[in-house]
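Beneath this line is the structure, given in structure tokens, with notes to follow.
The values are calculated or read from the model by the stated rules, or taken from the named source; none is laboratory data. Values in this document were obtained by computation on a predicted structure and should not be read as measured data. Note that we place each Cβ from the backbone using ideal geometry, even for glycine, and neighbour counts take in every protein chain shown. Calculation scope for accessible area: heavy atoms of the full protein, side chains included, ligands and nucleic acids excluded. Shrake-Rupley method; radii C 1.70, N 1.55, O 1.52, S 1.80 Å.
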Amino acid sequence: MSSQTVRIAWRERAAELVASSEEYLTTGIFGDAANISGTVVAYYRGAAWACERACGFDPDSLCEETIPQLESLRRFALDEALHHLMAEEPDQARGVLSEHLALRTRALADPLVVRDTYSDSSHSQPTFPHGGTEHWLGRLFLKRFSDTAIVNGKNVEITLRPATESIEAARTRAIALAQRSLPQLAHELFGSVHHVVLYRAAQPYSGYTISAPLFVFVAEQTFERDEVAAELLIHECLHQKLSDISVIRSLLRPDYVDSESATIAVPWSFGSDRIRRFSADRSFAAFHVYAHQSLLYLGMLATSKSESAAKLAADNLVLSWARAAHFDREFSTGPIRDEWGPDGYRFVEWLSHALWEIGKFRLPDGTILSSHADAFARPKTAADI
């Protein structure tokens, strides 16, 4: 059998596995993006109704927004207000919502913000928001991210960056690469996030924060390599999807406290050998990302056009799969399971099934992917380089 025939064969196998895995990961209570997002919209509609009445605001004063920035701010304000109301702190809830409505009034008077009203093009994939690096709302979103951007226990310096023509072109290429590799999943994930906020920092390379839902944050240098940008855009959009799932599903026990959670040892850290410990919540997020990231690189392998591209995809497929498998093993026993809610068990079972189906793939070197379960520390993922 010629080497060309062999390459065609493993590409075909990869494409078939990508198609079946995408079908699995886009259906059911944890996969169906349209159902998840629709349920979340209904949840926030009910949350707004409850907050308006509990806090004495006019009906529909907190209704769904057509401007992405305002919808993001509204959802977080409602989350905060509900937290105060459940703690029997109505004055604090009223203060949060009053501050939000004042911010909304200011934003509606700003023509740059109004220009970002939803359209078919902007809603189908994340775009850079209008406004320069000094725009006040852009700075607000960046601050919400930077307040949570901690590397090795320290806050990092982050600055807002403009989206130049070359960066915009790189964003387009990265989205096209992700969509070529995962036609169904990438389309659904990109449709759940409205804007990419561009910044400059040595680390992290990207991020997501629950205080700015529907937005993702990506470092400027990420767009120097298409595969890095594609990976991290998918990565952060997955965090938005899991955040939505967490709103409507009981992944964690009712009295879960993140700072008191049992933890899992994670033996890799930004290219170093430092062992970190992840809470149950963070472990779910990492497992979710690495399992899907495995499929992304399998898709890149299936559609690769050169030997170098195939090798890069295969190396990162091995690493991503091994890292997901590490969490899967750690989830099988131990006190981490005591942190889960009823849907947490179902979530792990659902994702584990997809992971081990992908693990059956025979790599171009002839080895089975699942035989590399201990390869979680080498080489680096595209984003770690």
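Of note:
- Counted residues, segment 173-223 - those being under 12 Å from S124 (Cα atoms) and hydroxyl-bearing (S, T, Y): 1
- Filtered residue count, segment 327-356, keeping only those that are of a type in the set (D, E) and out of contact with any Ser or Thr (no Cβ under 6 Å at 6 or more places or on another chain): 3
- Some residue of segment 251-258 being over 17 Å from S72 (Cα atoms) and assigned to a helix (DSSP H, G or I): yes
The rows are residues; the columns are (1) part of a helix (DSSP H, G or I); (2) open to solvent by 60 Å² or more (accessible area, probe 1.4 Å); (3) touching a residue at least 12 places away in the same chain (Cβ under 8 Å); (4) not small (G, A, S).
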position	(1), (2), (3), (4)
T172	yes, yes, no, yes
L177	yes, no, yes, yes
R180	yes, yes, yes, yes
Q184	yes, yes, yes, yes
E188	yes, no, yes, yes
V193	no, no, yes, yes
L198	no, no, yes, yes
P204	no, no, yes, yes
T209	no, no, yes, yes
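- Set R346, R323: member being part of a helix (DSSP H, G or I) and either closer than 21 Å to L301 by Cα or without any contact (Cβ under 8 Å) to a residue 40 or more places away in the chain (or both): R323
- Cβ-Cβ under 8 Å pairs, at least 6 apart or on other chains, segment 120-138 side under 24 Å from A230 (Cβ atoms) and open to solvent by less than 50 Å² (accessible area, probe 1.4 Å), far side at pLDDT 65 or above and of a type in the set (S, T, N, Q): P129/Q69
- With respect to being modelled with pLDDT of 85 or more, open to solvent by less than 60 Å² (accessible area, probe 1.4 Å), of a type outside the set (S, T, Y) and part of a loop (DSSP other than H, G, I, E, B), E88 falls outside the description.
- Pair list, Cβ < 9 Å and 6+ apart or interchain, from segment 234-256 residues that are touching a residue at least 12 places away in the same chain (Cβ under 8 Å) to residues that are open to solvent by 40 Å² or more (accessible area, probe 1.4 Å) and among the polar types (S, T, N, Q): K241/S37; D244/S37; D244/T39; V247/T39; I248/T39; L252/S246
- Residues of segment 349-375 that are in contact with a Phe, Trp or Tyr (Cβ under 7 Å, 6 or more places away or on another chain) and assigned to a loop (DSSP other than H, G, I, E, B): G359, P364.
- Out of S279, S261, sole residue that is closer than 24 Å to A201 by Cβ, out of contact with any Phe, Trp or Tyr (no Cβ under 8 Å at 6 or more places or on another chain), modelled with pLDDT of 90 or more and small (G, A, S): S279
- Pairs where the first residue, in segment 32-45, is hydroxyl-bearing (S, T, Y) and the second is open to solvent by 40 Å² or more (accessible area, probe 1.4 Å), C-beta under 8 Å, 6+ apart: T39/I248; Y43/V247; Y43/I248; Y44/E64
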